[in-house]
Amino acid sequence: ADGASFRLIGGDYGADEAAVWLGASNIEGADPASFRILDAEEELAVDAGAAYAGIFPIPTERPADIRSLGAGYSTDGVAVYWRQYRLEGADPGTFEVRRGERFGRDRSGCWPLREPRPCLSP
């Protein structure tokens, strides 16, 4: 990082004139001018051209529509993601993370990470 232009953005994020950093890791390709944090705790952020889960790009064509659902899950309204992984088959219309839970739910069941499972409670 360039010490002369380095600034803290929020959470564990910082930027200099050329790059964005999460802790000591460079977020490759991130644009420091347009970078903004959506959820510092879940490490969800966007810039003008991409969305990021931590230092990894989220495979969305709609980064401006990304929003945090909590517990590492996000949606762009078309798909659901856990961190940088698209959850194939997850329903963005019904997907939620309930207060106090660290997994997602939708009409197909519970998503403890990247695969749906039957929910043990309603």
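The values are calculated or read from the model by the stated rules, or taken from the named source; none is laboratory data. Bear in mind the structure is a predicted one, so any value in this text is a computation, not a measurement. All Cβ positions, even for glycine, are placed from backbone atoms using ideal geometry, and neighbour counts span all protein chains on display. These area figures cover heavy atoms from the full protein model, side chains too; ligands, DNA and RNA do not enter into them. Shrake-Rupley method; radii C 1.70, N 1.55, O 1.52, S 1.80 Å.
Run through every distinct alpha carbon pair of the chain and return the Kirkwood hydrodynamic radius in angstroms, one decimal place.
15.0
If R0 is 35 Å, what FRET efficiency do you get for Asn26 and Thr94 from their C-beta distance, rounded to 0.05?
0.45
Would you mind working out the accessible area per residue for segment 1-111, using a 1.4 Å probe, and quoting it in Å²?
Per residue, segment 1-111 has 53 Å² of solvent-accessible surface.
Return the single residue from Gly100, Gly77, Gly29 with maximal mean-square fluctuation; model: Gaussian network over the chain, springs between Cα atoms under 10 Å.
Comparing Gly100, Gly77, Gly29 in the GNM, the peak value goes to Gly100.
Could you give the length gained on full extension between Asp65 and Val78, defined as 0.36 nm per residue of separation minus the Cα-Cα distance, in nm?
Gain in length upon complete extension: 3.8 nm.
Using the Karplus curve 6.51 cos²θ - 1.76 cosθ + 1.60 with θ = phi - 60°, work out ³J(HN,Hα) for each residue of segment 70-76 in order, rounded to whole Hz, and write x for Gly and Pro.
x, 6, x, 8, 8, 9, 10
How large is ³J(HN,Hα) for each residue in segment 90-98, as worked out from phi by the Karplus curve 6.51 cos²θ - 1.76 cosθ + 1.60 (θ = phi - 60°), to whole Hz, x for Gly and Pro?
With the stated coefficients, segment 90-98 comes to 6, 9, x, x, 10, 6, 8, 10, 6 Hz.
Using a 1.4 Å probe on the protein chains only, how many percent of the accessible area of segment 29-78 belongs to carbon and sulfur?
49
What area, in nm² and to one decimal, does the C-alpha convex hull of segment 80-122 cast on average over all directions?
Result: 2.9 nm².
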